[in-house]
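Asker: Have a look at the structure that comes next, please.
The values are calculated or read from the model by the stated rules, or taken from the named source; none is laboratory data. From a predicted model like this one, the values you see are computed outputs, not experimental measurements. Backbone-built Cβ (ideal geometry, glycine too); neighbour counts: all protein chains shown. Surface areas here come from the heavy atoms of the whole protein model, side chains and all, with no ligands, DNA or RNA. Shrake-Rupley method; radii C 1.70, N 1.55, O 1.52, S 1.80 Å.
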Amino acid sequence: MDLSYVRTTCPYCGCGCEFLLETFDGKITSTVPSKSNRMNQGKLCIKGWNVHEFVQSPKRLKKPLVKKDGVLQEVSWDEALDFTATRLQEIKTKDGGDSMAFLTSAKCSNEENYLFQKFCRVGFGTNNIDHCARL
Amino acid sequence: MTNSIPEIENADCIFIIGSNTSVAHPLIAYRIYRAKEKGAKIIVADPRKIQVTMVADVHVRQKLGSDVALLNGMMNVIISKNLHDTSFIEERTEGFDKLEETLRNYPPERASEITGVSVEDIEKMAVMFASSDKSTILYAMGITQHSHGVDNVKSLANLSMLTGKIGKESCGVNPLRGQNNVQGACDMGGLPNVYPAYQTVIDENNRKKFEDVWNAQLSPKVGFTIMEMMHGLEDGSIKGMMVLGENPLGSDPDTRHVKHALQQAEFLAVIDIFLTDTAKIADVVFPGASFAEKDGTFSNTERNVLRIRKAIDPPGDARPDWQIICDISTRFGLPMSYESPKEIFDEIALVTPSYAGLSYERLESGGIPWPCPSRDHPGTPILHKERFTRGKGLFHALEYRPPEELADEEFPMLLTTGRFFPHYHTGTMTRNSPTLDNEMPEGHIEIHPYDARDLGLTSGEDIRIVSRRGEVITKAIVTDVVEPGTIFMSFHFMEANANELTNPALDPICKIPEYKVCAVRVEKISSPSETEFKAAANA
Ligand code: SF4
């Protein structure tokens, strides 16, 4: 039996409420609002209270997929990564870095956004990177 | 935001425009209610009768897209009643004369004509805002998602500077960011024209600095925005696309056009936690980790940098997105060997002046708002206290421009878009949450009782909505939340998505599409089989 509480930040809106995820044997069992956070002071909205549900949805992707004969099929990480690296190299060599475009995410972390734009700018020598904040 | 969220509750006057706060930012709405309890005056300018209007001292329903005229009208009143802050204007701003000249063309009578708001209301709002001690402005996508969104934002800045309500506690101009880390994605350089911390790519010194740290040759050319990328895919100048945790197929205007564009890609890679509509048409999909399965940081709408911490393992073979990017990059021939998000964050602090003083150690005890330039700096909850970033605050003299698409004979009604309380964005997260899905399992439009009567509609009936770009079938709910002539719809529901209809007309400067206004026609559905046919086609 392994019960723990991990303090983290809500992934929905820009308020940035903090809560504790209660985990029990590797599963999230509930969401408890943080009282010490000056922003939400022990409160959450309906989305925050139920945040653990989508995380553990059975529809989550569990394996890399590659399209073969028009259908996405589960493959190993090695296959998906090699396929991607080859295609990216081909495009870069044939059409140049400016023929690639990158859409980064307002839902991912700062660290991930940083790496993604670095990959775009360094790997392809292009500034074709944007995200959906305009939306 | 120029100010922090907790400050809102100590304001004397809160002006909410283009923000359905209780739905999109519930915990900020809570601060508004608290302020009201303490005696604050609340002004709401929103075409819909949204929940915060229940506590409003004044609620005005300006015509869709008429915000600049409304704000100019308010400022005209403020100047004519001598309620502007002359010492602030003199010491901290420039361009006042030009603004004053333009504002002469917006007496409240003319503003009233354009906006549909009464002269008395315009005067009341103006006096309330200008004569309260601490007045704050809260706005969201209702202001920015227009073909003149930048003008709207500048007009709000004009109002705030004119009355000297900026750089002070519980004042300021406060955009409420709709997604948890929009702020961070922008801060990190997820934009075609800037590196991290908004350092422009066309500046040679900036480029040199990043070339040194990254040991690379960088492009001096501004890149494509999202809509330009879509056009690039169609005209063949863009061949491949990588999408990290986004679903442009649901969230972009004119869905049909976006789908067509994405299908032209020679190579489309998606990293996501669900098989979104965009992932379905990709060549390769990588299973990422949710926020609960990785370490990192988010920057919220008040610029507070907050930690996220790993609580459980990702499902199956899924990996944290940062690791996936490293893996792809390394195989591609650009080795990335970060051990942990902490190591990445240390590099961010190195190249991002506003994050320079931040570290995981410091963030352990709670968020710190940037700018935080050094290790002993406490962070900056209030921006522009002594000076503006550019020195003096610049007034922009702006004329009202109508929205791109107006109602006409063929499309006699206007459609506006937004969110419903249990859902979020394209629904990939909330519709996979049973509790939230139960609250609202299907989409609908809101239509005014007068329009419903003219069309012979009853509440709950299926209807067809047609625009110049597409059509959808969905349920109609008859309600006076909307005004006659206007319907409201969300883009949470892919099977009946408002963005099949919306107009991709862009703001000329920031390239935001005009989600908030487009012309449509509402049709009653004659035979039930038609509904079934459509449902099957969408399944
Ligand atoms: S709990 Fe609600 S208000 Fe708080 S960040 Fe999450 S979605 Fe926003």
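Asker: Quick test of your reading of the structure: B:G65 fulfils all but one of (1) of a type in the set (G, A, S); (2) in contact with a Gly (Cβ under 8 Å, 6 or more places away or on another chain); (3) assigned to a loop (DSSP other than H, G, I, E, B). Name the failing condition by number.
Answerer: Condition not satisfied by B:G65: (2).
Asker: Go through the stretch B:318-335 and give me each residue that's farther than 30 Å from B:G366 by Cβ and assigned to a loop (DSSP other than H, G, I, E, B).
Answerer: Just the residues of the stretch B:318-335 that are farther than 30 Å from B:G366 by Cβ, to begin with: B:327-335.
Passing the criteria: B:G333, B:L334, B:P335.
Asker: Ok, one more. Has the stretch A:96-106 got any residue that is at the interface with another protein chain (Cβ under 7 Å from one of its Cβ atoms) and open to solvent by 10 Å² or more (accessible area, probe 1.4 Å)?
Answerer: no
Asker: Mind checking whether some residue in the stretch B:324-336 is free of Cβ contacts under 8 Å to residues at least 60 places away in the same chain, more than 9 Å from chain A (Cβ to nearest Cβ) and among the polar types (S, T, N, Q)?
Answerer: No, the stretch B:324-336 has no match at all.
Asker: While we're on this one: So A:L65 clears everything in (1) more than 16 Å from B:F298 (Cα to Cα); (2) in contact with a His (Cβ under 9 Å, 6 or more places away or on another chain); (3) within 7 Å of chain B (Cβ to nearest Cβ) except one condition, right? Which one?
Answerer: (2)
Residue by residue, here is whether (1) modelled with pLDDT of 90 or more; (2) within 11 Å of chain A (Cβ to nearest Cβ) holds:
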position: B:I143; (1), (2): no, no
position: B:G149; (1), (2): no, yes
position: B:A157; (1), (2): yes, no
position: B:E169; (1), (2): no, no
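Asker: To continue, here is another question. Which residue out of B:S374, B:S365 is assigned by TED's automatic domain parsing to the domain that holds B:E293, open to solvent by 40 Å² or more (accessible area, probe 1.4 Å) and in a loop (DSSP other than H, G, I, E, B)?
Answerer: Going through B:S374, B:S365 in turn, the sole match is B:S365.
Asker: Any idea which residue in the stretch A:1-27 is farthest from the chain's Cα centre (by Cα), counting only those that are more than 8 Å from the ligand (Cβ to nearest atom) and open to solvent by less than 10 Å² (accessible area, probe 1.4 Å)?
Answerer: For the stretch A:1-27, the residue satisfying everything is A:T23.
Asker: Assess whether B:I382 counts as being more than 16 Å from the ligand (Cβ to nearest atom), in contact (Cβ under 8 Å) with a residue 24 or more places away in the chain, crowded, with 17+ Cβ neighbours inside 10 Å and within 14 Å of chain A (Cβ to nearest Cβ).
Answerer: In short, no.
Every residue, every condition in (1) in a helix (DSSP H, G or I); (2) among the hydrophobic types (A, V, I, L, M, F, W, C); (3) buried (at least 24 other Cβ atoms within 10 Å of the Cβ), yes or no:
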site: B:F88; (1), (2), (3): yes, yes, no
site: B:S112; (1), (2), (3): yes, no, no
site: B:I122; (1), (2), (3): yes, yes, yes
site: B:D133; (1), (2), (3): no, no, no
site: B:L138; (1), (2), (3): no, yes, yes
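Residues checked against (1) open to solvent by 20 Å² or more (accessible area, probe 1.4 Å); (2) in contact with a Gly (Cβ under 6 Å, 6 or more places away or on another chain); (3) within 16 Å of the ligand (Cβ to nearest atom):
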| residue | (1), (2), (3) |
| --- | --- |
| B:L99 | no, no, no |
| B:V117 | no, no, no |
| B:M128 | yes, no, no |
| B:G184 | no, no, yes |
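Asker: Kindly indicate which of B:N180, B:N193, B:N215 is at pLDDT 90 or above, polar (S, T, N, Q) and either within 26 Å of B:N152 (Cβ to Cβ) or open to solvent by less than 10 Å² (accessible area, probe 1.4 Å) (or both).
Answerer: Going through B:N180, B:N193, B:N215 in turn, the sole match is B:N193.
Asker: A further question follows. Among the residues of the stretch B:28-39, is there at least one that is part of a helix (DSSP H, G or I) and in contact with a Cys (Cβ under 7 Å, 6 or more places away or on another chain)?
Answerer: Yes, that holds for at least one residue.
Asker: Of the residues that make up the stretch A:116-129, is at least one open to solvent by less than 10 Å² (accessible area, probe 1.4 Å), within 18 Å of the chain's Cα centre (by Cα) and either more than 7 Å from chain B (Cβ to nearest Cβ) or of a type in the set (G, A, S) (or both)?
Answerer: yes
Asker: Continuing with this model, one more query. For residues that are at pLDDT 80 or above and open to solvent by 50 Å² or more (accessible area, probe 1.4 Å), tally how many sit in the stretch B:408-449.
Answerer: Here the count works out to 6.
Asker: For the stretch B:60-69, does any single residue satisfy the condition of being without any contact (Cβ under 8 Å) to a residue 40 or more places away in the chain and open to solvent by 10 Å² or more (accessible area, probe 1.4 Å)?
Answerer: No, every residue in the stretch B:60-69 fails to be without any contact (Cβ under 8 Å) to a residue 40 or more places away in the chain and open to solvent by 10 Å² or more (accessible area, probe 1.4 Å).
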